[in-house]
Structures are given as C-alpha cells and as structure tokens.
Amino acid sequence: MEQNSVIHIDQLSKVYTVNEREAGLIAAMRSLVKRKTRDVKAVDAISFTVSEGEIVGFLGPNGAGKTTTLKMLSGLLHPTDGSASVLGYRPWERSRDYLRRMTLVMGQRNQLLWDIPVIDTFELNRAVYRIPEAEYRLAVEELTELLELASLLQRPTRNLSLGERMKCEIAAALLHRPSVLFLDEPTIGLDVTMQRRIRRFITEYNQRTGATVLLTSHYMADVEALCKRVIVIHHGKLLYDGELTGLADRIAPFKTVEVKLQNGLGGRPLAQYGELVAETEGRVTLRIPKVDTASVTGRLLAELDVADLTVQDPPIEDVIEHVFSQSPSPLGDPDPQQAQSV
Amino acid sequence: MFYLRLFATYLRIGILGELEYRANFWISLVQSALDLSVALGGLAVVFSHTDTLGGWRQEELLALVGVYFLIGGLIRTIIRPSMTKFMEDVRQGTLDFTLTKPADSQILVSIQTVEIWRLVDVLIALPVLSIALLRLGARLGLVDTAVFAVTLLCGGLIIYSFWLMLSTCAFWFVKVENIQVIFMSMWQAGRWPVSIYPAWLRAVLTFLVPVAFATTVPASAVSGRITGATLVGTVALAAAMLLVSRWFWRVGIRFYSGASA
C-alpha cells in the first residue's frame, strides 16, 4: 500500500441475483408465483489504490460495473466479496464520520427538492450535515463564485435548465467540504460549454481542497481534461489502470497515418498499406499496426507522391471503442504489476 | 435535539413548498370542513334516535371525533407524505441520497415531507376536542388528562410504526402504494368506537390494523372507561411496535444494500 492512499480496494466483487422472465403475459403471471433467478457478476475481483488528491477517471461501457463500484465505495452496497477502505473506513458500515467526509453526485439523479428554491435545499443539507453557520456561509460563497450560481439560488429547482440544475446539484453535494468525491457521470446531457465549466470547477475544487476524486464519464473530453490516470473496467473486470497517455500504447497497438498526395488519389488503392479509416479530397487516413508504422511509412513515401504525411496516436475515443468492441478482454487478464503500481 | 432542528427545517421547507401551490390550501380546507360536517352530521343522526351508542354518550363520541381528526391530521401532514416520498425514492433510486447522509435514515425518511395544509385537520380537531372535554369536564381529573395524553402519544406511535412497517416492504416489492389506500380506508372505521362493530371487525381493527389504539383507546381515556389493563397494554404495544418497526427497517436497509441477499 502506498502512503497517503485514500481509496484502497482489494479483490472487490459484487454478484447480483436478478429475476429472469420470459416475454408474454403467461410467463409474467407465472413469475408472480415463482421466479427464476440468475447470478450476474457486476464487479469481478477488482483491486486498485487511489492516493490523496488524485483525480482518477473510471471508464467502461454501460453495464461495466462502474456505478456498482461507486455505490460500494459510497456505502450503498455491500460487496459479495473482497474488501475496501476509504479514508480508513469500511464504506458499507456507513459510519457517520465517513459519510460526513465523502459525497456522491449522480448526473442522472437529483437530490435538490423540486418545488423550492435551491438555497433552501442547501439549508437542509446544512442541517443534516450540521455545518456551522460561518463555514456554511463561506462554502456557499465560494461555490457561488466558482460555479456562478448567484442568479440561480433563489429560483425553484423546477425552473432551472439541466445544466443549471447540475451546477446546483454539485454545489449541494459539496457544502460540507468532503475530502472524497464520487462523481457518476456529472456532465451527462450537458452542452459543451457547461461541460467545460464543470470540468474547470472540478479541477479548481481539487486544487483548492486537495480532495480525491473518482469520476465516471462517457465523454472522453472530461477524462482527457481532468484525469492523468484512468482505470478501465469491462464486464466487471479491471482492464487497465495507469496513465491516460499509456492507454493507447497498451491496448490499442496501432497508429493513425494521414497522407496527402501530390496529384490527388488518382484511384490508387491505398487499402494495401493499412486499414482505410477516412478519405477526403486527396487526404487519406490509415490505421496501421504500431510495429509496422516505420516500414509502411517508408513504403508510402517511396511509392507515392506524398505532399504531406503525419503519424499520430489514435484519438482516445477510438481506443476506448476499440477495447470495448472486443469482448471479453483483448488483454487477457490485466497485468497485476500494472494494476498495482502507478 | 438535532432531529428536532432537522424537523423544523423540513417544516419550513414544507411551508415554502406548499406556498407555491396556494390552491391546495383551499382544497384542503374545504375537504377538512366536509369531513368534519360528515362526522358531526353522523353523530347528530345517531343521537336523534338514541341516547347512547354502544355505551358511548354524545360528548364522549365528540371526543372520539376530535381524536380521530387529530391523529388523522398528523398522519396526513407528516407520515403519509413522507412515506409516499420514501416509496418514490426507492423506485427512482434517489433513496441513495438519503442513505449517504450522516443521520439516522429512518428518522430522515419519516420526517422528510411535511404537507403543511393538512394541519387544518389538526386545527379543526383542537376546538372539537376542547368542546368535548369541557362538556365532560366535571368528571375529568388530572390523572384522566395525563392518561389521555399518554394514550394519544402511544396511539400516534403505534400508527407510525405500523405505517413504517408497511412502507418498508417497498424494499422488497418496490410498488406498495396500494397498501396506503387500504390503510386509509380502514382508518375511516376509527371514527366510531370499535365496540359497535361485530367481533371479527373489532379484532381486525385492534390487532391486524391497530386503528382502535389510536382512536377508541384515547377517547375512552377521557370518558373514564379505560381499564388499567388496556392502558398498560397500549403502552407496551407502542413500545414493542416501535422496536419491531425499527428492526424491520434495518432488515430492509440491509436487503436494499445487498447485505442479506
């Protein structure tokens, strides 16, 4: 274990028993009496450690087990197996001291009360968390400034736009100055400007308070802007844990080569050099296995009238998509060393 | 103390929330007035034919109506809306926010929604109860008043615990709103002393759905017909139900978090 590790989980697993039902009315009636059940492994022996002040991106497709893991870490779910410690507490014991030091934000769910002004939900959280008056005022002031809430606080939640509501949700979840943040899709459904605002805020909050952040998102821009380190899970298993920049190297062993030809394409079959990704007015993008990059580039330059040529790492979206389209695991079991270091 | 302050906050929020929908106030007022007229009209009809009903005299039944409105008002103001919100939270997954708060989840859930206009029932109950008590006044001593207060409190706690247990079932069955409707219709029967009902219904109202303890028992305390055994039984039942419902709540939470699954 590292020094200053805030989140430490070891072989954490969660198995759900789900009800199974065939389609149709008769099957539905039968299931009223007797239910068929099936076990689903939502999280399968995951281990990782997060240090104080880190912002870690937690990636995976829908149903990979991200939310289940976050729920176990925030004390809502008991694991089936394995152990976890956050700030030295076992989350699912839900000790008040622990709950006072963490927060959970779910982009898809609201804790703000619908009919009353936002500031009154804040007041409610102040009462629940027993925040002293002076600290509370300071927190509201600071969050108002960082998230630009001044014009929103007096309005009832139902009159706010999705983005405005999300900003207020985040503020409500941070009034008690938690030192661990679990953010489940905090930017979902927001426009680009609002996403950027929230991203900037998370960075600011992290820098000001030194809080540890574990965040899931479907938007790679979020992850690229916020997280040096990512943890990728798929089908409940840990696929990758390490630097975001290493992700491409490790799980997408190919490069993108963009070529512009002197005299247009002229119907030359470029597919022989690599997988054709895009083609626009004499500009061609190829995907080439990493080991072949040098030789293919050499052949391209020798055999064609190349006006311009660039070699790039593939965009992170493509890498992720590449991983998740191959199931169950393109890597086999994750390298335990890789999973534990960083 | 902490939970009292918390309750005060919820009360404030309740007032704020309801002020957004002022029409609700007038509807509640009309509804409560209608309910009261029906109750009093019923009494008037009965006593135009007879002097006692199941051994109860007019002012004793008036006290019963008062108790019925008082407890019913508290149910409608706090317990029913809070429990409805709780079931909604289970279905929508927003219960997670309650469970990650550093406070007792059962108490949070039980006081989280206050429908302030429903206090109209309580406001109506007070004068009705006062009139009944004044008319019974000559025979009402200090001890009787204390016993009345105790039975009223116990009745309230019994109903609360019962309702909490019904709602806790939402952890397993998710949709159990219908139970509330059944309960409210059983509650209507509490407007009359349970002694007027046939034996089987009396048993149901006493033991299955403990309406009798919240209405008939306190009302019999003011009319001096309560026995020591009933009093002790009521207090014991209130304590037992409070404990059992708390235990059941914990089991529900454990099930919800998958600890016992």
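Bear in mind that the values in this text are calculations on the coordinates, not laboratory data. Fair warning: this is a prediction, and the values are worked out from it, not measured in the lab. For neighbour counting, all protein chains shown are included, and Cβ atoms are generated from backbone atoms with ideal geometry for every residue, glycine included.
List every residue whose amide H lies under 5 Å from the amide H of A:Val277, counting only residues 5 or more places away in sequence or on a different chain, with H placed 1.01 Å from N in the peptide plane.
Amide H neighbours of A:Val277, under 5 Å, 5+ apart: A:Thr285, A:Leu286, A:Arg287.
Would you please classify the overall shape of the stretch A:197-283 from the alpha carbon gyration tensor, given that a ≥ b ≥ c denote the square roots of the eigenvalues, rounded means a/c under 1.5, and beyond that prolate means a/b larger than b/c while oblate covers the rest? Can you show the working numbers first?
On the way: a/c = 3.80, a/b = 2.15, b/c = 1.77.
Note, shape of the stretch A:197-283 comes out prolate.
Given the options A:Met72, A:Asn263, A:Ala278, identify the residue whose Cα lies farthest towards the positive end of the charge dipole of chain A (+1 on Cβ of Lys, Arg; -1 on Cβ of Asp, Glu).
Value: A:Met72.
For A:Ala271 and A:Asp249 in one chain, what is 0.36 nm times their gap in residues minus the Cα-Cα distance, to one decimal in nm?
5.6 nm
Mind checking which aspartates and glutamates have their C-alpha under 15 Å from A:Lys260, skipping anything on the same chain fewer than 8 residues away?
A:Glu279, A:Glu281, A:Glu303, A:Asp305, A:Asp308
Can you run the Rg to Rh ratio on the protein assembly as shown? Use alpha carbon positions and the Kirkwood inverse-distance Rh.
Values: Rg = 31.9 Å, Rh = 28.6 Å.
Answer for the protein assembly as shown: 1.12.
Taking the Cα-to-Cβ direction at B:Ile27 and at B:Ala203 and moving 7 Å from each Cα, how far apart do the two end points lie in nm?
Result for the modelled spin labels: 4.1 nm.
Quote the FRET efficiency, to the nearest 0.05, computed for A:Asn4 versus A:Ser83 with a Förster distance R0 of 22 Å and r equal to the Cβ-Cβ distance. Let's see the in-between values first.
Numbers: r = 19 Å, r/R0 = 0.86.
Efficiency computed from Cβ-Cβ geometry: 0.70.
Quick check: net charge around B:Thr216, other residues with Cβ under 13 Å of its Cβ, Lys/Arg +1 and Asp/Glu -1?
Numbers: positive: B:Arg191, B:Arg202, B:Arg225; negative: B:Glu60.
Cβ neighbours under 13 Å give a net charge of +2.
Angle, helix A:133-147 long axis vs. longest principal axis of chain A, Cα atoms, 0 to 90°, nearest 10?
Computed tilt is about 30 degrees.
In what sequence do A:Lys255, A:Lys167 fall when counting other Cβ within 10 Å, fewest first? Walk me through the numbers on the way to the answer.
Working: A:Lys255 21, A:Lys167 24.
The most exposed by this proxy come first: A:Lys255, A:Lys167.
Per the Cauchy relation, a quarter of the hull surface: what is the mean projected area of the convex hull of the alpha carbons in the stretch A:164-203, in nm²? Walk me through the numbers before you get to the answer.
Values: hull surface 11.3 nm².
Dividing the Cα hull surface by four gives the mean projection, 2.8 nm².
Which ordering of A:Glu321, A:Glu169, A:Glu54 is given by a fewest-first count of other beta-carbon atoms within 10 Å? Working shown, then result.
Working: A:Glu321 15, A:Glu169 23, A:Glu54 20.
The fewest-first ordering by Cβ neighbours comes to A:Glu321, A:Glu54, A:Glu169.
Order these by the 10 Å Cβ neighbour count, fewest first: B:Phe213, B:Phe162, B:Phe207.
Lowest count first: B:Phe207, B:Phe162, B:Phe213.
I'd like the FRET efficiency for A:Ala302 and B:Cys169, computed as 1/(1 + (r/R0)^6) with the beta carbon distance as r and R0 of 56 Å, rounded to 0.05.
The computed FRET efficiency comes out at 0.15.
Rg (Å, one decimal) plus Dmax (Å, integer) for the alpha carbons of the stretch B:87-234?
Cα radius of gyration and Dmax of the stretch B:87-234 are 18.0, 56 Å respectively.
Return the calculated 222 nm mean residue ellipticity for chain B, to the nearest 500 deg cm²/dmol, obtained by summing -39500 (n - 2.57) across DSSP H runs with n ≥ 4 and dividing by the residue count.
Helix-only estimate at 222 nm: -24000 deg cm²/dmol.
List the pairs from A:Lys237/B:Lys101; A:Lys66/A:Lys290; A:Lys34/A:Lys71; A:Lys167/B:Lys175; A:Lys71/A:Lys255; A:Lys34/B:Lys175 whose alpha-carbon separation is above 27 Å, in the order I gave them.
Exceeds cut-off: A:Lys237/B:Lys101; A:Lys66/A:Lys290; A:Lys34/A:Lys71; A:Lys167/B:Lys175; A:Lys71/A:Lys255.
Along its three principal axes, how long is the stretch B:1-133 when you only count alpha carbons? Whole Å, largest extent first please.
Extents along the principal axes: 59, 31, 29 Å.
Expected output is a single nm value to one decimal: the length gained when fully extending between B:Ile182 and B:Ala8, i.e. 0.36 nm times separation in residues minus the C-alpha distance. What is it?
Contour length minus Cα-Cα distance gives 59.6 nm.
Which whole DSSP H helices in chain B pass both tests: a Cα extent of 27 Å or more along the axis and a mean Kyte-Doolittle value no lower than 0.0?
Counting only whole DSSP H runs, the qualifying helices are B:23-49, B:142-168, B:228-256.
Give me, ordered by chain and number, the residues 5 or more places off A:Phe58 or on other chains with an amide H under 5 Å from its own placed amide H.
A:Leu215, A:Thr216, A:Ser217, A:Ile231
Between 0 and 90 degrees, rounded to the nearest ten: what's the tilt of helix A:162-174 against the longest Cα principal axis of chain A?
Tilt relative to chain A: about 60 degrees.
Take the Cα pairs of the stretch A:253-313, get the Kirkwood Rh, then feed it into Stokes-Einstein at 37 °C and 0.692 mPa s and tell me D in µm²/s.
290 µm²/s
Could you tell me how many degrees, from 0 to 90 and to the nearest 10, lie between the Cα long axis of helix A:316-325 and the main elongation axis, the longest principal axis, of the Cα atoms of chain A?
It works out to around 90 degrees.
Remind me, what semi-axes does chain B give for its equivalent ellipsoid, largest first in whole Å, using sqrt of 5 times each Cα gyration tensor eigenvalue?
Equivalent-ellipsoid dimensions as semi-axes: 33, 21, 17 Å.
Bin by bin, in steps of 10 Å, what percent of the Cα pairs in the stretch A:5-248 do you find, going until the bin that has the longest distance?
Whole-percent P(r) values from 0 Å outward: 7, 29, 32, 21, 9, 2, 0.
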